[in-house]
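Below is one structure, written out as structure tokens; comments come after it.
The values are calculated or read from the model by the stated rules, or taken from the named source; none is laboratory data. Computed from a predicted structure; not experimentally measured. In this analysis, Cβ positions are derived from the backbone assuming ideal geometry, glycine residues included, and neighbour counts consider all displayed protein chains. Surface areas here come from the heavy atoms of the whole protein model, side chains and all, with no ligands, DNA or RNA. Shrake-Rupley method; radii C 1.70, N 1.55, O 1.52, S 1.80 Å.
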Amino acid sequence: MATDGAYDRRTFLKLAGATAAIAACGGATPAATATATTAATAAPVTGTISVYSALNESTNNEFFAAFKKAYPGVTVNVLPLAAAGELQTRIRTEKASPKADIFIGGSSEFHDPLGKEGLLEAYIAPNAKDIDAKFKEATGLWTGWYTGIFGFISNNTRLGEVGNKKPATWDDLLDTAWKGKLVLPSPVTTGGGYIFIATQIFRFNKDEAKAMDFMKKLHVNIAQYVPTSPGALTLIDQGQFVGCPNWAHDILTEKGKGNPIDLSIPTDTGFEVGAVSIVKGTKSLAAAQALVNWSITKEAGELNVKLSNRGSTRTDVAPAPGAPTLSSVKLVSYDRDWATSNKDRIIKLWQATVGL
């Protein structure tokens, strides 16, 4: 549920920077560089790009500062808004006169429909060869550069109100002890909120009636649907509510700040593939391509893990200490194509089910 207040967070971070040879970023040999796509040229890349980013501010600051060291000829203007759904809406609204060159962050479920609508520029980056096919769109409309696992944040000082029991399964959240003590990122504006619903559908083997019955029962215990995932975490950090389904990597980050919270991973959970894409109509194509290609380097992957505790889609990037991995938790059989194709319909079905 988008609110006008969500846009109060808009600030533009002006980052001036410059360029590096593509070999420095991708590790390509001079011969390979010479035969790569137009973005991987030996000439310095210059230009100005506007980036719509669903990443948090601290990650934006350091991530794009590192990019500017690699590409000093590129100036980056960042519009940070940690609600991928609102960024997706902006790109659709601005299609006649695009304001963004890059859409970065947020799950692929927000990028893929834009590609199908002809609003993204296909680009198979040279470094995409290092990314497994399940983490990228085949024609280059979007490329996955990180993964995130859906977990549960609980406030340690208030957990006693629900019997000091962290949820082992999502069904545990239907206990009446949780009534009014839970919040959830809005499925309308956040990738996490929608992936949570899709996870329930896959948990029930695509039986939508059973999944919606679960969401209706859970709705009774939900005090608020929060417009952004970070905003929901803050409410738990502050002890305003007891718990919230949310991203494991962000929960670990909040715990690392000394907040009295903890992370648990209920069984049969879902995960996201965080994507980066180029907006159709960009007037700085080479610079936009440079950012996409750099984002999937080992250097960028390791930096993102360090900054955010997310996983990387590259196999040569180690996970953050203590972070769950796709192989260490029990996942549902997440059909990402189905989840993406049915997103608008499922959101409307959920709204009708819970009366929103």
Could you check segment 162-206 and list, in sequence order, the residues that are free of Cβ contacts under 8 Å to residues at least 40 places away in the same chain and closer than 19 Å to Lys330 by Cβ?
Lys165, Gln200, Phe204, Asn205
So for segment 40-52 (the condition being crowded, with 18+ Cβ neighbours inside 10 Å, closer than 23 Å to Asp130 by Cα and at pLDDT below 50), does at least one residue qualify?
yes
I'd like the full set of residues that are in contact with a strand residue (DSSP E or B) (Cβ under 8 Å, 6 or more places away or on another chain) and assigned to a helix (DSSP H, G or I), limited to segment 113-133.
Leu114, Gly115, Ala128
Could you say which residue among Thr147, Thr143 is in contact with a strand residue (DSSP E or B) (Cβ under 8 Å, 6 or more places away or on another chain), of a type in the set (Val, Ile, Thr), under 26 Å from Ala320 (Cβ atoms) and open to solvent by less than 10 Å² (accessible area, probe 1.4 Å)?
Thr143
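When you look at Lys165, is it in a loop (DSSP other than H, G, I, E, B) and either in contact with a strand residue (DSSP E or B) (Cβ under 9 Å, 6 or more places away or on another chain) or open to solvent by 10 Å² or more (accessible area, probe 1.4 Å) (or both), yes or no? Walk me through it before giving the result.
Values: in a loop (DSSP other than H, G, I, E, B): yes; either in contact with a strand residue (DSSP E or B) (Cβ under 9 Å, 6 or more places away or on another chain) or open to solvent by 10 Å² or more (accessible area, probe 1.4 Å) (or both): yes.
Answer is yes for this residue.
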Return yes when Ala128 is out of contact with any Ser or Thr (no Cβ under 9 Å at 6 or more places or on another chain) and small (Gly, Ala, Ser) and no when it is not.
no
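Yes/no per residue for (1) part of a loop (DSSP other than H, G, I, E, B); (2) of a type in the set (Ser, Thr, Tyr); (3) in contact with a Leu (Cβ under 6 Å, 6 or more places away or on another chain):
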| site | (1), (2), (3) |
| --- | --- |
| Val45 | yes, no, no |
| Ala65 | no, no, no |
| Val78 | no, no, yes |
| Arg90 | no, no, no |
| Lys95 | yes, no, yes |
| Lys99 | yes, no, no |
Strands (runs of 3 or more DSSP E) lying entirely in segment 193-301 (those with 1 or more residues that are of a type in the set (Ser, Thr, Tyr))
222-226, 261-264, 271-279
Contact list please: Cβ distance under 6 Å, first residue in segment 272-300 and farther than 25 Å from Val329 by Cβ and open to solvent by 10 Å² or more (accessible area, probe 1.4 Å), second residue among the aliphatic types (A, V, I, L, M) and at pLDDT below 95, pairs at least six apart or on different chains.
Ala286/Ala39; Gln289/Ala39
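Please verify whether Thr75 is of a type in the set (Ser, Thr, Tyr), at pLDDT 95 or above and surrounded by fewer than 18 Cβ atoms within 10 Å (Cβ to Cβ), treating the condition exactly as stated.
No.
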Identify the single condition in (1) at pLDDT below 95; (2) within 19 Å of Glu109 (Cα to Cα); (3) not aliphatic (A, V, I, L, M) that Lys280 does not satisfy, given that it satisfies every other one.
(1)
With the structure loaded, tell me whether Ile131 is surrounded by fewer than 21 Cβ atoms within 10 Å (Cβ to Cβ) and touching a residue at least 24 places away in the same chain (Cβ under 8 Å) or whether it fails that test.
yes
Segment 234-251, residues that are surrounded by 21 or more Cβ atoms within 10 Å (Cβ to Cβ) and touching a strand residue (DSSP E or B) at 6+ places or on another chain (Cβ under 6 Å)
Ile236, Phe241, Val242, Gly243, Cys244, Pro245, Asn246, Trp247, Ala248, His249, Ile251
Hey, among the residues in segment 313-334 that are hydrophobic (A, V, I, L, M, F, W, C) and within 23 Å of Phe196 (Cβ to Cβ), which one's surrounded by the fewest Cβ atoms within 10 Å (Cβ to Cβ)?
Leu326
Thr228 is checked against (1) open to solvent by 10 Å² or more (accessible area, probe 1.4 Å); (2) at pLDDT 95 or above; (3) not aliphatic (A, V, I, L, M) and fails just one. What number does that condition carry?
(2)
